[in-house]
Amino acid sequence: MAKNNNKSQSAPTVHTPFIQTYLHGTKADLKLGELLEVGYNSNFGEQNKAKYIYFTATLDPAVWGAELALGEGRERIYLVEPTGPIEDDPNLTDQKFPGNPSMSYRSQHPLKVVGEVTIWQSHSPDQLKTMKDGIAKLASQGIGAIE
């Protein structure tokens with residue numbers, strides 16, 4: 001009786017920088033390897049100390065983040081890598097849209113800057129004005145971000 005010496009072979013591993021690409025839009029000038037951490041003033045609303053860092057896996061919300069961030073710096077979108085657990089962003093999930101179609105998240109753990117997206121399309125001036133007007137209306141009604 002012949003002995004079966006065939007061993008199952010697995011496909012070679014393909015290494016990538018991370019499994020899922022995450023983006024963070026801001027006007028902050030950040031360097032590769034720098035950590036985004038909670039506890040700094042938020043780029044939005046009343047600029048309270050941020051309890052979470054917000055990020056997304058799709059480009060459009062990152063563009064909005066860059067365009068709506070307070071400050072005078074250049075609008076930027078960074079590739080970020082979470083260093084701890086993440087959760088769905090309740091400001092954009094279930095409150096406004098069922099599920100998480102924008103793939104927007106938040107974390108209380110730092111995000112590491114691993115790159116920058118340098119080519120992206122801004123929203124039109126009309127779209128930006130409509131969004132800012134909507135945010136101002138919510139603020140006047142006392143509706144802010146969910147922390």
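The values are calculated or read from the model by the stated rules, or taken from the named source; none is laboratory data. Keep in mind that this is a model prediction, so the values were computed, not measured. Ideal geometry is used to build each Cβ from the backbone, glycine not excepted, and the neighbour counts take in all protein chains shown.
For the range 91-129, how many residues meet the condition of being part of a loop (DSSP other than H, G, I, E, B) and within 20 Å of Gly39 (Cβ to Cβ)?
4
Regarding Gly115, is this residue small (Gly, Ala, Ser) and closer than 14 Å to Lys31 by Cα?
The answer is yes for Gly115.
Name the single residue that is modelled with the lowest pLDDT among those in the range 91-104 being touching a strand residue (DSSP E or B) at 6+ places or on another chain (Cβ under 9 Å) and of a type in the set (A, V, I, L, M, F, W, C).
Leu92
How many residues are over 19 Å from Glu34 (Cα atoms) and at pLDDT 85 or above when one looks only at the range 73-90?
Result for the range 73-90: 3.
Of the numbered conditions (1) touching a Lys or Arg at 6+ places or on another chain (Cβ under 6 Å); (2) at positive phi, Met103 fails exactly one; give the number of that condition.
Going through the list (1) touching a Lys or Arg at 6+ places or on another chain (Cβ under 6 Å); (2) at positive phi, Met103 breaks only (1).
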